[in-house]
Amino acid sequence: MLNLKLPTDPRWVNLAEKKIEDILTDHAYCEQKAASSCISLIILYPDLQDIVEKISPIVTEEWSHFNMVVSEIYKRGFTLGFPRKDVYVNKLFSFQNKNGDRFDMLVEKLLTNALIEARSCERFRLLSLELNDKYLRQFYHNFMVSEASHYRLFMDLAKVYRPSSYVNKRWQEYLMHEKEILNSIKLRGDRMH
């Protein structure tokens, strides 16, 4: 379903499990950034009813996810910690084509969001299957399901504003670029991406 070109290195879950406090902190900030990204789309495109109506609930859901992860952090006696620079996401942002009209730019933002959600979904799936902590396996299963629906929504919205053939071609370019990104950054157990 996700069609990612490079699966996550299987060692990532083992590394993540050893740094679960860091993973939870990074995850919390990923949810916060996802909510902020959706708010930005609404601010940039308030005249597009589909964007406002379909993305507003995601803002609420992502902020709820932030609160859920923060609660889990505190429940475990950890502290939230500070956000970290996300090299993966910044490299995706730099791939966006910034030379088109406002709808081209919208599609670029939607595809970037879709890819981040797809990769998060894939990683949450790994956590839901391979963590030793049974509670966290279920915790991440629920997030996996949510991320899959967000990925699908962003893809569907992109096809509202540009033809499917254009979106599909650009999506393949994003997937190939994401593969290059993953091959270029060090595997870390303290980051979601």
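Since every read-out is calculated from the coordinates, none of them should be taken as a lab result. Just so it is clear, the structure is predicted and the values come from calculations on it, not from any experiment. A quick note on method: Cβ atoms are made from the backbone with ideal geometry, for glycine too, and the neighbour counts reach across all protein chains shown.
Per-structure values
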| read-out | value |
| --- | --- |
| Descending semi-axes in whole angstrom, ellipsoid equivalent of segment 52-107, from the Cα gyration tensor | 31, 18, 5 |
| Cross-link pairs K18/K159; K91/K134; K91/K169 - those with Cα-Cα distance over 31 Å | K18/K159; K91/K134 |
| Simple Cβ-charge dipole of the chain, Lys/Arg +1 and Asp/Glu -1, about Cα centre, in debye nearest 20 | 480 |
| Local electrostatic count, L182, Cβ distance below 15 Å [Lys/Arg +1, Asp/Glu -1] | +4 |
| In nm, spacing of pseudo-spin labels at N132 and F93 (7 Å Cα→C-beta vector) | 3.7 |
| Selection from N97, L136, N183 lying farthest towards where the dipole of segment 62-193 points positive, charges on Cβ | N183 |
| At least 15 Å along the helix axis (C-alpha) and Kyte average at least -0.5, DSSP helices within the chain | 20-44, 49-75, 102-130, 134-161 |
| Over segment 1-125 - Rg/Rh using Cα atoms and the Kirkwood inverse-distance radius | 0.99 |
| Furthest towards positive pole of dipole, L115, A16, P83, structure part the chain, Cβ charges | A16 |
